[in-house]
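S.K.: Here it is: the structure, laid out below.
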Amino acid sequence: MQVQALLLLLLLAPAWAIFEDQAGTYDWYKQYVGRPTTVAFLPGKERVFLSTQQNLLASLHTKAGSVAWRRKYTEQDPLEKAVALQKPALLLAASKGGKYVRAWDALEGGFKWEVVMFDGTTAVPGASCDIATVELGDGKGSAVAAVASDTLKLLGASKGDELWSASLEQASHATRRLLLTGAAVGTVSLVAYTPGSAHVHVLSVAAADGSYQDTERITTAAPLGDVAAVSGAAVAVISEDGQQLCTLNLAGGVPQDGMSCVPLQELAPALAAAGRLQLAAADAGAFALSSPGTAGIAIVSADGSVASFPAAAAASLAAATAASEGSPAASLVALAASSPDASSVIVQLLDTASGDIVERANVALPAAAHPTSGPAPRVVAAWLDASKRKGAAAAGGSVLQGCRLLLLWSDDQITLVSGGEVSWTREEALASGTSNLFIDLPAARRAAAAAADAAGSSPQASAASAGLLGLLRDNEKLKRWVRLQVLSVLVQFKLSSVQEQEEFLTLRQALSDNNLPFRDTSGFRKLIVLLTSSGKAFGLHSGDGRILWTSTAPAAAAAGSSGAKQHLRVWRRFHDLTHAPQLAVISAGGEGGSSSLLVLNGHTGEVLQEQQLPYAVNKVIPQPQPVHDGAADQFLFLLVEPLPASSSTDTQPLPKVHLLPDSASTQQHLAKSSGSLFFWLLQQAPAAGSSSAKETVLHGFGFEANAVPDAGSGLLPVVPAWQVALPGALLGLAAKDATEPVHSYVKVLGDRSLKYNYLNPNLLFVATGTSPAGTADVPAEQQQVSVTLLNTVTGGVLHQQLHSGCAGPVHAVVSQNWVVYALRDVVALRQQATVIELYDASHHDLSIASILMGRTKHSAALSSYSSPPLEVLSQSFYLQHSLTGMAVSQTKQGITTKQLLVNTISDQVFALDKRYLDPRRPLRAKVTPEEAEERLLPYSELVVFSPLQYPTLDKQVLGLRAVSVSPTVLESTTLVLAYGADLFFSRISPALHFDSLQSDFSYGLLVVALLALAIGTWFAGYSSQQAMLKAKWQ
């Protein structure tokens, strides 16, 4: 019977399947790798290998910049260290504090081997890890040395087999920084120290058998900092105060003459006053020292000699090193800086052996393909590959032509300079999207005028070139369109050749109106504004994902680099179509952080206003009703400062709230509704009588009637409203979208009775329970999650239920009168989803007949100040796959069936029909006629994820963080953007296309069908007449 119910679910599911040639019609997919942290080149390989802040290990083609392969590491298994090995060609990566060391095929990305360095109980808190290659000597090739926690292992490079293991209790305990070097043949040297300490532990281990003597403890002249580098058999560390460079020579595998510290004032006086120093490792024990914004560089060789050089520019310096062919002593240091006019990159190549400037060149930067706003980016890091240096010199070229230089810019762009020219540039800031908005593109006339200015034609001619009118006037375009319709018929009936199929795809893409630069009547073409953690904002076209503009402001960039949360909102919306909407980027620095306001032109990215806020921001509360000033709608925001800590809940201090923008008109507008405005803040506090247990405290606040900001402080008068303390740590939180449309507040059942939806816009979902970090010490049966639904106006608890044997994190979404949340069943080891629906159980003198006859007397106003008796329906299900987040589809009127957009652990998006999570699904296998009319499905505890219901198709959005939705003008369609390290855009139609034709609708097939019907009708009439005539002659 369960099998029959499962089949029924699959049969009733709306089909998401598309034909192969339809993929890419209105969806697009962009792959990124993120901001690099380490970069490696392999001689003779046209690849560059990266580990990034987005926990990705990746390989890029050096010729085109396309992604060759990527491997994602999770938050539970973060990527720590990556090293490239030439023979065999492997990429070695250490993760989770060095617990796991994995080897990946450098060219194909295939998994080779994995080694577990230690078990979970032997980890030293705060200890680092390192990987190094070791030459075994006697023709035995190389091996891999890995250190983590208190374990040092030597591993075979090909298969990862353990050659030996050594315990390093004396060297690793109470240390946080471990450095390995295998430059001395047959010896592995380990340097361990604690930043802030003036002591270094050195251990030399024989590579043959892992034997070693006692650890040697060396005292330094100054406490050491966290900036360190290894070059050959030497180690360099910058002192904690940044004023000395300490070096340790390990030639022969043992310390030579201790660790010497040289003041930077003697090395390079300009660097002594620098704020942030960069230390790069050259070969043969040499190091390069520089600082962004300082016109100088110092090179310290293995014998202690120092060479100083002037830099190319006084700002944006970055140093990198790499060995060239031949002698390892011939090593290069590269300096890269932007030119004053930002049109080129100034590159200096220095020889560390001779101390000579090998080459100085200006590499021209290609012009941006889209408008840019804000200061020009600067180079912040560089990595050099000089493996083809001699070949280029022998061919009569410059040294730079034999080098590959990867540049990292301050706005997270990466650029590869190869052969003395820029090969490609990638916008890796798009891998760190934090929030986005869908706004309308410019109107057709305005876009046509802009295109006409660029092309030198009239706006009328440019506007007429698009759409059906343009098709009829352009004979060549008309011929291509007719050809497209003919090919569509051939493809549909499987009569086309391979060449015709390719021609069909090419023509369909060329004639599509998805990529026009102005809005359409259906609302499919949108401008997607994406804000990134680097502080850079992008304007993307929803048709193909191309970049329309970029904008960077110093305040936003500073907030992004400091980790401040940034909010993207509509700031000002004009009533006419000729003005672009204005967007606000509010950087909430939090307690002790810097906050700022940035106003952008939504269509060009131009910075219209930049303002530093003289207070920290903990929460941004947008107000639903804007101020109408005649020409535009000005939106209002309440900015709440962090809630001060209090030793007693009875004397909880009030939060400070500011109005933005603060003007006479906005104050007057706020005063009219201030008495009905409420907000809440959350605090985590220790539970009473326990030092380890936590409780979640919610504080509700309101405003005085006719409240206006204080003339002196600018603060709004806040009054306390309520307080609720929930036991346990916070596991999940979800609130209702204030902009979500509601079509009806009643639900008609199959027996024609009515249920009244409880539509409280101030509904808050809170999940608390055992903290995920503390579940290891709690038996599975004793773990629990408590779910609470609150009214944020009165603080009243609307519903509360407990899930035993479950744990967080909890992912939830609140929509209309229902809540869906997912948690982990730790007893059954499965993902559990629960739905709660709220209905108003008070008496209503309302029926379908009274509505039709116009005899309704129901006039009671819906209010959040008092809650009616509620009817709560709830049911739980098991999900086939685990998830990492949820969103809900949204349409213009709210009529179309809702779908849950589930972020799966495989980094895909699954569209789950809300009917599968209906608490009223009957528990019997056979449904009644009334239940069938409501399209209720028989209950099944398992919700199956059909492969036909993935909007992302076969694509993976690596590091999927969120899914954003936007309604279109057509009720049937919702726009979906999934973003993480990648971007994926598509359209979904939860109830199929009931109000529109598909964009790839085959008009040729329609003509063929009409002709066939006409011929069939004529033939049937003719045959009928002949039959009647023949019957009369008989």
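S.K.: Test GLY402 against the criterion of being of a type outside the set (A, V, I, L, M, F, W, C), under 32 Å from the mean Cα position of the chain (by Cα) and either on the phi > 0 side of the Ramachandran plot or modelled with pLDDT of 80 or more (or both), and give yes or no.
M.R.: Criteria not met by GLY402.
S.K.: Scan the strands (runs of 3 or more DSSP E) fully inside segment 222-270 and keep the ones with 1 or more residues being polar (S, T, N, Q) and over 41 Å from the mean Cα position of the chain (by Cα).
M.R.: 244-249, 256-263
S.K.: Can I ask one more? Quick check on VAL585: is it in contact with a Leu (Cβ under 8 Å, 6 or more places away or on another chain), modelled with pLDDT of 90 or more and crowded, with 19+ Cβ neighbours inside 10 Å?
M.R.: yes
S.K.: Would you confirm whether or not segment 588-608 contains a residue that is at pLDDT 90 or above, touching a His at 6+ places or on another chain (Cβ under 6 Å), surrounded by fewer than 22 Cβ atoms within 10 Å (Cβ to Cβ) and not charged (D, E, K, R)?
M.R.: no
S.K.: Out of curiosity, is ALA807 modelled with pLDDT of 95 or more, part of a strand (DSSP E or B) and within 33 Å of the chain's Cα centre (by Cα)? Outline the logic, then answer.
M.R.: Details: modelled with pLDDT of 95 or more: no; part of a strand (DSSP E or B): yes; within 33 Å of the chain's Cα centre (by Cα): yes.
Considered against the rule, which asks whether it is modelled with pLDDT of 95 or more, part of a strand (DSSP E or B) and within 33 Å of the chain's Cα centre (by Cα), ALA807 comes out as no.
S.K.: Do we find that TYR839 is more than 34 Å from the chain's Cα centre (by Cα), modelled with pLDDT of 85 or more, hydroxyl-bearing (Ser, Thr, Tyr) and in a strand (DSSP E or B) in this structure?
M.R.: In short, yes.
S.K.: If we scan segment 698-714, do we find a residue that is polar (S, T, N, Q) and either surrounded by 15 or more Cβ atoms within 10 Å (Cβ to Cβ) or within 25 Å of GLY894 (Cβ to Cβ) (or both)?
M.R.: Looking for residues that are polar (S, T, N, Q) and either surrounded by 15 or more Cβ atoms within 10 Å (Cβ to Cβ) or within 25 Å of GLY894 (Cβ to Cβ) (or both), one finds none in segment 698-714, hence no.
S.K.: Let me ask you something else. Among the residues of segment 748-781 satisfying the criterion of being surrounded by 11 or more Cβ atoms within 10 Å (Cβ to Cβ) and without any contact (Cβ under 8 Å) to a residue 12 or more places away in the chain, which is farthest from PHE635 (Cα to Cα)?
M.R.: VAL778
S.K.: Separate question: Of the residues in segment 944-979, how many are out of contact with any Gly (no Cβ under 9 Å at 6 or more places or on another chain), in a strand (DSSP E or B) and surrounded by fewer than 21 Cβ atoms within 10 Å (Cβ to Cβ)?
M.R.: Residues in segment 944-979 being out of contact with any Gly (no Cβ under 9 Å at 6 or more places or on another chain), in a strand (DSSP E or B) and surrounded by fewer than 21 Cβ atoms within 10 Å (Cβ to Cβ): 2 in total.
S.K.: Within segment 980-996, identify whether any single residue is exposed (fewer than 14 other Cβ atoms within 10 Å of the Cβ) and either within 16 Å of GLN492 (Cα to Cα) or among the acidic types (Asp, Glu) (or both), and answer yes or no.
M.R.: no
S.K.: Here is a follow-up. What are the pairs, 6+ residues apart or on separate chains, where a residue within segment 621-644 that is at positive phi has its Cβ under 9 Å from a residue that is not small (Gly, Ala, Ser)?
M.R.: Here the result reads GLY630/HIS575, each pair linking segment 621-644 to a residue that is not small (Gly, Ala, Ser).
S.K.: Moving on. Given the options PHE49, PHE41, name the one that is buried (at least 19 other Cβ atoms within 10 Å of the Cβ), without any contact (Cβ under 8 Å) to a residue 60 or more places away in the chain and not charged (D, E, K, R).
M.R.: PHE49
S.K.: Within segment 493-512, restricting attention to residues that are in contact with a Phe, Trp or Tyr (Cβ under 9 Å, 6 or more places away or on another chain) and under 15 Å from GLN998 (Cβ atoms), which residue is surrounded by the fewest Cβ atoms within 10 Å (Cβ to Cβ)?
M.R.: Only one residue fits best here, namely LEU511.
S.K.: Could you check segment 337-363 and list, in sequence order, the residues that are crowded, with 16+ Cβ neighbours inside 10 Å, modelled with pLDDT under 80 and not hydrophobic (A, V, I, L, M, F, W, C)?
M.R.: ASP351, THR352
S.K.: Same structure, new question: In this structure, is PHE538 within 21 Å of TYR32 (Cβ to Cβ) and not polar (S, T, N, Q)?
M.R.: Yes: the conditions hold for PHE538.
S.K.: Mind checking whether some residue in segment 855-867 is in a loop (DSSP other than H, G, I, E, B), in contact with a Gly (Cβ under 7 Å, 6 or more places away or on another chain) and at pLDDT below 95?
M.R.: For segment 855-867, residues in a loop (DSSP other than H, G, I, E, B), in contact with a Gly (Cβ under 7 Å, 6 or more places away or on another chain) and at pLDDT below 95: present.
S.K.: Here's a follow-up. Taking the condition in a loop (DSSP other than H, G, I, E, B), more than 31 Å from the chain's Cα centre (by Cα) and either closer than 15 Å to LEU654 by Cβ or at pLDDT 85 or above (or both), does ALA707 pass?
M.R.: For ALA707, the condition - in a loop (DSSP other than H, G, I, E, B), more than 31 Å from the chain's Cα centre (by Cα) and either closer than 15 Å to LEU654 by Cβ or at pLDDT 85 or above (or both) - is met.
S.K.: So how many residues does segment 865-912 have that are among the basic types (Lys, Arg) and within 28 Å of ALA841 (Cβ to Cβ)?
M.R.: Counting residues in segment 865-912 that are among the basic types (Lys, Arg) and within 28 Å of ALA841 (Cβ to Cβ) gives 1.
The values are calculated or read from the model by the stated rules, or taken from the named source; none is laboratory data. It should be emphasised that the depicted structure is a prediction, and the values quoted were computed from it without experimental measurement. As a convention, Cβ positions derive from the backbone with ideal geometry for all residues, glycine included, and neighbour counts pool all protein chains shown.
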